[in-house]
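Here the structure is laid out as structure tokens; the discussion comes afterwards.
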Amino acid sequence: MDSEYDVIVIGAGAAGENAADRAVKGGLSAALVESDLVGGACSYWACEPSKALLRPGAALRAARSVAGAREAVTGSLDIPQVLARRDAAVNSWDDTSQAEWVSGAGIELVRGRARLSGARRVVVSDDRGDHFTLTARHAVVLATGSAPAVPRIPGLHDVPFWTTKEATSTHEVPESLVVLGGGVAGTELAQAFGRLGARVTVVARGPLLSAFPVDARGLVAEGLAADGVEVIENTSAELVENTDDGAVRVSLPGGRALEAARLLVATGRRPALDGLGLPAFGVEPVSMRVDETGRVQGLSWLYAVGDCSGGPKLTHQGKYQARITGDAIAARARGELARNETAQAWSPWARTADRLAVPQVVFTDPEIGMVGLSEEEAWEAGLRVRPIAVPLNVAAASLHAEDYSGWAQLLIDEDLRTVVGACFAGPDVAELLHAATVAIVGEVPLDRLWHAVPAFPTLSEVWLRLLEAYGV
């Protein structure tokens with residue numbers, strides 16, 4: 001193993017892999033340091049296993065929504081097969097294939113835990129207790145992901161509880177489950193376990209899926225209710241404790257108490273920056289900031305990508321950031337981008353989409369897909385916007401499912417007559433989202449967008465209805 005590389009990336013999740021790959025493709029050498037499985041949380045304990053758990057229930061519901069298919073469905077979900085399919089999706093938590101990809105990409109994989117010991121210097125401690133130092137000629141990239149943010153609830157740390165990691169990797173379906181947290185992860189897993197047969201209650205500190213429009217999250221709430229999932233909104237747990245029979249009791253305001261076989265804490269995530277030695281370089285993890293290229297404020301050689309960088313905690317966005325940062329580091333090494341130069345918006349070295357076009361999907365049934373600015377964000381940015389919303393009741397909807405219910409909204413910049421935000425809610429609407437992302441990133445004028453004819457009969461016909469509602 002060499003001890004000196006052009007770039008050292010700490011963390012071999014999706015973002016770290018992409019940062020190292022782009023640096024190598026830019027002509028640099030790179031080492032990737034990882035203390036856990038190569039591929040990161042998304043591959044093994046988050047995005048992929050959770051969607052594997054959700055998909056069988058959605059497929060069964062879809063079949064039961066169409067005459068002819070409905071009559072062919074005679075049973076319920078086969079839980080062992082659902083869990084086996086999840087195991088296959090995560091390669092049974094074996095990262096051999098991911099490690100082989102790293103090697104094939106020309107990246108040096110270093111197993112161990114990393115800590116910054118100086119400018120461009122990283123000390124790695126391996127499982128044997130050995131320590132060795134790596135030096136970066138150009139940059140060190142932090143790609144350490146995020147960790148669960150566990151709330152301060154009396155008694156919580158005295159009882160066993162799941163985080164999303166345990167929930168997505170479990171080989172049991174509990175008889176009952178209380179979920180603390182009404183965000184994306186908590187809502188998705190509540191429905192997954194509800195459809196697998198658990199009695200599920202969600203306790204949300206605010207409204208369920210509060211980051212999304214009311215009409216969209218209302219459809220998801222209806223879907224959860226149809227699956228027998230109870231949602232308690234605008235409520236925080238006051239006490240968590242074990243019961244005499246080994247269950248968990250969650251006490252709520254007003255004297256109500258919930259008891260369940262398992263407790264899932266899904267109350268958000270925080271950047272995983274502990275133990276890296278950042279304070280020695282004047283960087284406090286809770287307030288770390290990065291510029292458009294991903295460079296940490298105040299340090300010319302340190303970059304951060306993905307969840308740990310403080311931006312959107314989404315795998316696809318972390319990979320986008322990593323590609324930008326890897327390219328920026330290579331460009332600076334070649335002299336194409338000055339060391340102190342700020343990259344221009346939408347250039348190959350600027351993470352502009354982080355501010356203006358972040359796509360996100362709630363993979364419940366029905367789904368929510370949203371991208372761009374909210375109405376509040378747009379007004380705060382000084383834009384004069386107009387929301388346009390219609391029911392998603394085009395011809396394809398009734399063909400898709402007899403009981404199809406959906407909703408769609410565009411947010412229009414009235415001065416530029418371009419789309420700056422979009423949201424879709426309904427079964428299988430995630431595939432509508434990229435068209436909205438392209439429209440926002442491309443700043444496509446509505447008069448030109450009018451000529452983008454949606455095929456009939458597809459759900460995309462809702463674009464036509466939205467533009468008609470606006471008055472094009």
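The values are calculated or read from the model by the stated rules, or taken from the named source; none is laboratory data. All figures in this text were calculated on a predicted structure; none of them were measured in a lab. Positions of Cβ are backbone-derived with ideal geometry, glycine not excepted, and every protein chain shown enters the neighbour counts. These area figures cover heavy atoms from the full protein model, side chains too; ligands, DNA and RNA do not enter into them. Shrake-Rupley method; radii C 1.70, N 1.55, O 1.52, S 1.80 Å.
Counted residue by residue at 0.36 nm each, then reduced by the alpha carbon distance between them, the extension gain from residue 77 to residue 403 reaches 115.3 nm. Modelled this way, with points 7 Å down the Cα-to-C-beta line, the labels at residue 455 and residue 380 are 3.9 nm from one another. Of the whole protein surface, residue 438 contributes about 80 Å² of accessible area at a 1.4 Å probe radius.
Give me D for region 27-113 in µm² s⁻¹, whole number, from Stokes-Einstein with Rh from the Kirkwood sum over alpha-carbon pairs, 25 °C and 0.890 mPa s.
Working: Rh = 15.6 Å.
Estimated diffusion coefficient is 158 µm²/s.
Return, ordered by residue number, the residues of region 272-292 whose backbone nitrogen is under 16 Å from a label point located 7 Å along Cα→Cβ of residue 342. Label zone hits: 289-292. Within the shell of other residues whose beta carbon sits under 9 angstrom from the beta carbon of residue 326, the net charge comes to +1, with Lys and Arg scored +1 and Asp and Glu -1.
Using every Cα-Cα pair within the chain, state what percent have a distance larger than 41 Å. So the portion of pairs separated by more than 41 Å is 24 percent.
222 nm [θ] for the chain, helices only, -39500 (n - 2.57) per DSSP H run of 4+, per residue, to 500?
Details: 15 runs with 144 residues, N = 472.
Per the formula, -9000 deg cm²/dmol.
Note on exposure: 138, 316, 451 ranked by accessible area (1.4 Å probe, complete protein assembly) read 451, 316, 138, with the most exposed listed first. Only one residue of 117, 150, 133 has its Cα farthest out toward the positive end of the dipole of region 116-157, where Lys and Arg carry +1 and Asp and Glu -1 on Cβ, and that residue is 117.
Efficiency by 1/(1 + (r/R0)^6): what FRET value for residue 230 and residue 284, r their Cβ-Cβ distance, R0 = 35 Å, to the nearest 0.05? Numbers along the way, then the final one.
On the way: r = 40 Å, r/R0 = 1.15.
FRET efficiency, residue 230 to residue 284: 0.30.
Distance from a point 7 Å along Cα→Cβ of residue 438 to each backbone N in region 346-376: keep the residues under 15 Å and list them by number. So the set is empty, nothing qualifies.
Could you sort 402, 166 by accessible area so the largest value comes first, with the probe set to 1.4 Å?
Working: 402 115, 166 70 Å².
These residues rank, largest area first, as 402, 166.
Taking the chain, the Cys residues with no second Cys beta-carbon under 4.7 angstrom are 308, 423. In this label model, residue 159 and residue 414 are separated by 5.1 nm, measuring between points 7 Å along each Cα→Cβ vector.
Convex hull volume per residue, computed on the Cα atoms of region 1-74, equals 128 Å³.
Cα centroids of region 284-347 and region 181-205: 35 Å apart.
Which number comes out as Rg/Rh for region 210-358 once both Rg and the Kirkwood Rh are worked out on C-alpha atoms?
Taking Rh as the inverse mean 1/r over Cα pairs, Rg/Rh reads 1.14.
Solvent-accessible surface (1.4 Å probe) assigned to residue 109 amounts to roughly 40 Å². Calculated FRET efficiency, residue 448 and residue 395, Cβ-Cβ r, R0 30 Å, to nearest 0.05? Approximately 0.75, to the nearest 0.05. A 1.4 Å probe, protein heavy atoms only, puts the accessible area of residue 388 near 10 Å². For a paramagnetic label modelled on residue 25 (point 7 Å from Cα along Cα→Cβ), amide N atoms under 14 Å away belong, within region 346-362, to 348-349.
I'd like the projected area of region 369-461, averaged over all directions, using the convex hull of its alpha carbons. Report it in nm² with one decimal. Please report the intermediate quantities before stating the final value.
Numbers: hull surface 22.7 nm².
It is 5.7 nm².
Leaving ligands, DNA and RNA out of it, rank 22, 64, 86 by accessible area with a 1.4 Å probe, largest first.
Working: 22 75, 64 110, 86 0 Å².
From most exposed to least exposed: 64, 22, 86.
Counting only protein heavy atoms, what percent of the accessible surface of the chain is carbon or sulfur at a 1.4 Å probe?
49 percent
With every protein chain kept in place and ligands, DNA and RNA left out, what is the accessible area per residue of the chain? Probe 1.4 Å, answer in Å². If you can, show how the numbers build up before the last one.
Details: 21040 Å² over 472 residues.
Result: 45 Å² of accessible area for each residue.
Here the calculated FRET efficiency for residue 67 and residue 431, from their Cβ-Cβ distance with R0 = 22 Å, stands at 0.40, rounded to the nearest 0.05. For region 105-242, the pair-distance distribution built from all alpha carbon pairs, in bins 5 Å wide starting at 0, is 2, 8, 14, 15, 13, 10, 7, 9, 10, 8, 3, 0 percent. The slack between residue 127 and residue 244, meaning 0.36 nm per residue of separation minus the straight C-alpha distance, is 38.2 nm.
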